[in-house]
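A short worksheet on the structure shown next.
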Amino acid sequence: MVSDPKAEPVLERDPGMPSSTWRMRSDAWEYLRFAVKRLALGDRSEADEALAADSEIHRSLRSLETLEMYWAGFGQRYVTTIGEMLAAGEYQSALDRIGRVVNRLRAVGTSEEAAGDVDPDSDEEFPGDNDSRPRFEVLVVDETTAVDRDTMRAESLRMRSAADAFVYEYVIVPSADDAVAAVLTNPNILACVIRPGFSERTKQTLSRDLRETIELAHAATTNPQTTARNQLASVQRVLGLADTLAALRPELDLYLMAGAHIEELAGAMTKRFRRVFRREDHLELHLSLLRRVSHLYDTPFFSAIQDHARRPVGVFHALPVARGGSVMSSKWIRDLADFYGLNLLLAETSATSGGLDSLLAPVRTLKKAQELAARAYGAKHTFFVTNGTSTANKVVHQALVAPNDVVLVDRNCHKSHHHSMMLTGGRPAYLDAYPLNDFAFYGAVPIERVKQLLLDYRAAGRLDEVRMVTLTNTTFDGIVYDPYRVMSECLAIKPDLVFLWDEAWFAFGAFHPVTRCRTAMASAKLLEQQLQSAAHERAYREQQEILFSEDGTPAPDEVWLRERLIPSPDARVRVYATQSTHKTLTALRQGSMIHVWDQDWVRDAQDPFHEAYMTHTSTSPNYQILSSLDIGRRQVELEGFELVQKQLDLATSLSQAIARHTLLRRTFRVLTAHDLIPEQYRETGRAMPLRDGLSSMWEAWATDEFVVDPSRITIEISRTGVDGDTFKHEHLMDRYGIQVNKTSRNTVLFMTNIGTSRSSVAYLIEVLVKLAERFEEEQAQRDPEQPLPAEIPMPPLPDFSSFAPDYATDGQLPDGDLRAAFFRGQRRGNIEYVLGDDLRARVDAGERPISAGFVTPYPPGFPVLVPGQVVSPEVLAFMQVLDTREIHGYDPLRGYRIIKNAS
Ligand SMILES: Cc1ncc(COP(=O)(O)O)c(C=O)c1O
């Protein structure tokens with residue numbers, strides 16, 4: 001190591017944050033190459049001085065010395081030697097070593113990183129580097145000597161064969177702490193071999209964030225059942241580590257390798273390990289490692305489509321474009337094939353046989369593909385949907401809700417839920433999310449409101465009518481619920497409730513250890529485990545004494561609201577999640593999934609679900625969408641963690657760049673949890689937890705009622721002098737080709753996703769700087785008499801008023817018959833059109849007009865009126881100042897559709 005008297009004894013915090021080590025690692029090597037190249041080219045004494053003065057070199061080496069221990073290939077010794085060479089003035093030799101690493105990282109890195117100049121005859125030390133087969137890493141946890149490690153690596157190279165589809169390399173660490181650090185920082189690790197000789201604590205100097213995250217990971221899986229059943233300390237520690245690693249990265253393949261007593265160990269190790277091996281079984285291990293990755297790699301439906309495209313077949317069926325038929329023979333439309341490629345047409349078919357399958361009654365490749373997706377997303381069953389979450393929601397509603405069932409639903413939810421209610425005849429009891437009036441959008445629904453509404457139904461003797469609770473997780477603006485808490489507390493009031501979580505924007509959540517905890521499927525799994533534990537049963541009994549008096553009378557609502565309610569051990573876990581896979585992961589547009597964790601699936605849901613699926617699924621589902629869902633599943637199982645980690649980190653770096661840049665800071669404001677979540681719903685109190693480290697994010701996500709998805713960045717733009725819509729269309733899109741989805745009057749939402757790159761983030765920052773300069777100039781010349789758009793006062797967001805008496809169920813509780821009002825409003829003779837001003841006058845005169853349809857302005861994108869709802873002054877005031885281009889259900893020439901002659 002370079003001797004630097006000024007060097008601090010510990011690593012800086014930033015480089016050690018597990019969420020950003022991927023970026024830091026590549027930057028550190030790139031910087032070393034740049035800096036050491038200059039030293040190597042210069043005069044020796046000048047170079048010595050430059051080296052002493054360049055603290056970045058020392059810092060990079062120090063960080064890399066720790067980091068490289070967690071990656072295959074180079075290791076600590078390699079970095080230490082570079083340090084020694086630099087200290088001895090052997091700059092060219094050091095540069096050669098650094099160059100090899102940089103070449104290797106570029107070669108295996110993302111395409112944008114790989115774009116650099118890769119030295120073709122890079123390295124004889126890594127003979128496999130020119131091997132184009134996909135590569136993964138295998139973590140071995142055991143105390144070893146340098147000789148042991150060299151032997152193991154040599155052994156794995158010896159085992160490699162030309163017939164193998166993949167290659168792998170070992171990462172060998174001595175302790176449980178290091179194992180956790182490795183799986184957190186190195187996403188290439190896909191398998192882990194635990195040998196009982198490992199120690200507990202790391203000897204590395206780790207960053208505070210990494211240490212704290214390791215502690216949190218260990219603490220999260222201290223399983224009392226494990227301790228009780230297995231008294232043998234060595235078994236316990238092995239199981240404990242296996243649990244921790246599996247909880248962090250469920251896709252990891254775990255093996256136990258022991259020297260002695262493996263027969264007894266195999267019995268005690270239960271299903272945590274794929275296999276238990278003896279130390280000598282290298283070949284068996286090698287084959288198992290490759291086989292498991294080939295299972296992840298397997299894409300039954302995508303492969304069937306490829307196979308189909310290659311087969312010579314004659315088409316005497318529908319679909320003229322199949323095999324390119326109607327296109328390749330045409331004089332006029334050949335550019336379809338030129339543009340999309342012939343494969344698109346070769347892959348088009350109506351066939352459901354010959355290796356293909358029917359989505360409506362899958363028995364072969366589609367069935368298998370859906371089973372693999374269930375494994376990847378942690379569901380009991382998964383169903384592919386080719387028409388978006390809009391359809392997925394309708395399927396689930398129809399499967400579970402009958403006419404007149406009450407559904408508790410966020411009024412601010414996607415329109416497909418409202419439409420589902422109209423289709424099923426379920427009665428929506430709308431929940432109001434907390435409003436963010438300063439930014440003209442809603443947050444999420446606090447648990448207290450959901451509980452209060454359930455208690456109200458109980459008090460009215462109507463709790464048995466409540467069938468389902470449906471909430472949007474995450475909301476469009478990135479507010480994330482704690483589904484485990486919501487479901488637990490609701491089930492404590494009504495133990496047979498069904499939950500539909502609209503995760504249209506949260507498919508990626510399953511592939512990162514922190515975000516996963518707030519997905520519906522992970523929460524359902526945890527809930528099911530908890531309900532079976534003795535500790536849960538005890539806590540439940542104790543709480544019952546607080547909630548009920550001896551004669552069985554429930555305590556007042558305040559007590560139920562104050563307590564963190566514990567559900568009965570007999571409660572049923574019935575959870576559905578709908579995801580627009582295409583929105584956040586690899587899938588063609590509309591590619592979506594329904595995930596199910598339902599304990600009563602066979603008894604109570606399977607048949608109605610299939611009926612509903614038949615109702616809403618086309619008999620000609622798009623095969624290309626389906627095969628993209630299949631291969632997208634392969635991607636998330638093999639590299640989902642890497643991609644999501646990068647996405648979250650890049651988003652954090654983007655918001656930091658805006659917050660730190662003097663000009664950007666003057667013009668834009670990144671909204672944080674402090675702006676988007678009222679104080680009472682965030683105990684940990686951090687504005688941007690991930691900015692402070694993964695451990696801070698972990699704590700906030702484990703504790704706070706709501707958290708903000710860090711991959712979504714809402715920027716407040718009042719100081720630009722333009723409104724959100726103009727900013728989006730005229731400035732970002734028309735001028736710079738930057739697409740954003742959502743704006744409000746004074747905010748713009750930037751979403752990152754797994755396709756976001758460092759270059760695209762850099763481009764966005766560059767554009768924002770140019771825009772900020774322009775806005776400043778315009779502001780300087782602005783007529784002070786003209787108010788800025790954001791200065792025009794906005795009325796508060798209108799909460800749901802009520803269903804009109806004709807449609808309200810009982811006039812006390814909020815639910816109503818939206819379906820009856822909708823169909824009444826469909827007949828022209830039953831409705832009248834009324835212009836806004838006239839309607840306002842009628843409302844002022846005391847009339848309570850009833851909306852005949854949905855009125856949905858975009859933004860904010862939720863229906864301010866639903867069929868059967870009383871048109872309130874608040875809604876009209878809100879609509880009056882709304883300047884959005886798109887208002888569905890409202891005709892600017894004729895006005896609102898109002899039900900005529902309402903009683
Ligand atoms: C919360 C929510 N649910 C469902 C949908 C519908 O998803 P899709 O576009 O996949 O039909 C959307 C679309 O924006 C949404 O925001």
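None of the figures in this text is laboratory data; all of them are computed from the coordinates on show. Predicted model, so just to flag it, every value in this text is computed and none were measured. Methodologically, a virtual Cβ is constructed for each residue, glycine included, from the backbone with ideal geometry; neighbour enumeration extends over all protein chains shown.
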Problem - Most positive-pole-ward Cα, Pro187, Phe273, Leu139, against dipole of segment 131-297 from beta carbon charges - result: Phe273
Exercise for the section: Could you rank the peptides 495-507, 143-155 by their average count of other C-beta atoms within 10 Å per residue, with the highest value first? Expected result: 495-507, 143-155
Completion exercise
Quick calc, segment 634-791, dipole around Cα centre from Cβ unit charges on Lys, Arg (+) and Asp, Glu (-), nearest 20 debye, gives 340 debye
Completion exercise
Residues Arg666, Arg712 in order from fewest to most other beta-carbon atoms within 10 Å are Arg666, Arg712
Problem - Amide hydrogen neighbours beyond the local backbone of Thr684, cut-off 5 Å, H modeled - result: Asp704
Practice task
Compute the label zone of Asp891 within segment 812-828: residues whose backbone N is under 15 Å from the point 7 Å along Cα-to-Cβ.
Solution key: 825-828
Fill in the blank from the handout: For segment 131-297, the dipole about the Cα centre with charges only on Cβ (Lys and Arg +1, Asp and Glu -1), to the nearest 20 debye, works out at 260 debye
Problem - Mean Cβ count within 10 Å, highest first, over the residues of peptides 33-43, 365-375 - result: 365-375, 33-43
Fill in the blank from the handout: Taking 0.36 nm per residue of separation between Ser353 and Arg133 and subtracting their Cα-Cα distance, the length gained on full extension comes to 76.0 nm
Fill in the blank from the handout: Rounded to one decimal in nm, the spacing of the 7 Å Cα→Cβ label points at Arg842 and Gln452 is 3.2 nm
Fill in the blank from the handout: A chain fully extended from Glu832 to Ser549 at 0.36 nm per residue, minus the present Cα-Cα distance, gains in nm 96.4 nm
Problem - Dipole magnitude of the chain, debye to nearest 20 (Cβ charges: Lys/Arg +1, Asp/Glu -1, about Cα centre) - result: 2180 debye
Exercise for the section: Can you figure out the FRET efficiency of Glu263 with Ala233, using R₀ = 22 Å and their beta-carbon distance, to the nearest 0.05? Expected result: 0.70
Completion exercise
Quick shape check on segment 818-899: root eigenvalues a ≥ b ≥ c of the Cα gyration tensor, a/c under 1.5 is rounded, otherwise prolate if a/b tops b/c, else oblate, and it reads oblate
Exercise for the section: Could you pull out every residue, at least 5 positions away or on a different chain, whose amide H is within less than 5 Å of the one on Ile172? Hs are placed 1.01 Å off N in the peptide plane, and Pro or chain starts have none. Expected result: Val140
Completion exercise
Which residues qualify? For Phe441, with a placed amide H closer than 5 Å and at least 5 residues away or on another chain, they are Leu436
Handout entry: Karplus (6.51, -1.76, 1.60) ³J(HN,Hα), θ = phi - 60°, over segment 20-36, in Hz, Gly and Pro reported as x
Key = 10, 5, 4, 6, 4, 5, 5, 5, 5, 5, 5, 5, 4, 4, 4, 6, 6
Exercise for the section: For a quick protection proxy, order the peptides 244-252, 410-418 by their average other-Cβ count within 10 Å, most packed first. Expected result: 410-418, 244-252
Fill in the blank from the handout: In nanometres, the difference between 0.36 nm per residue of separation and the alpha-carbon distance of Asp557 and Ser161 is 135.7 nm
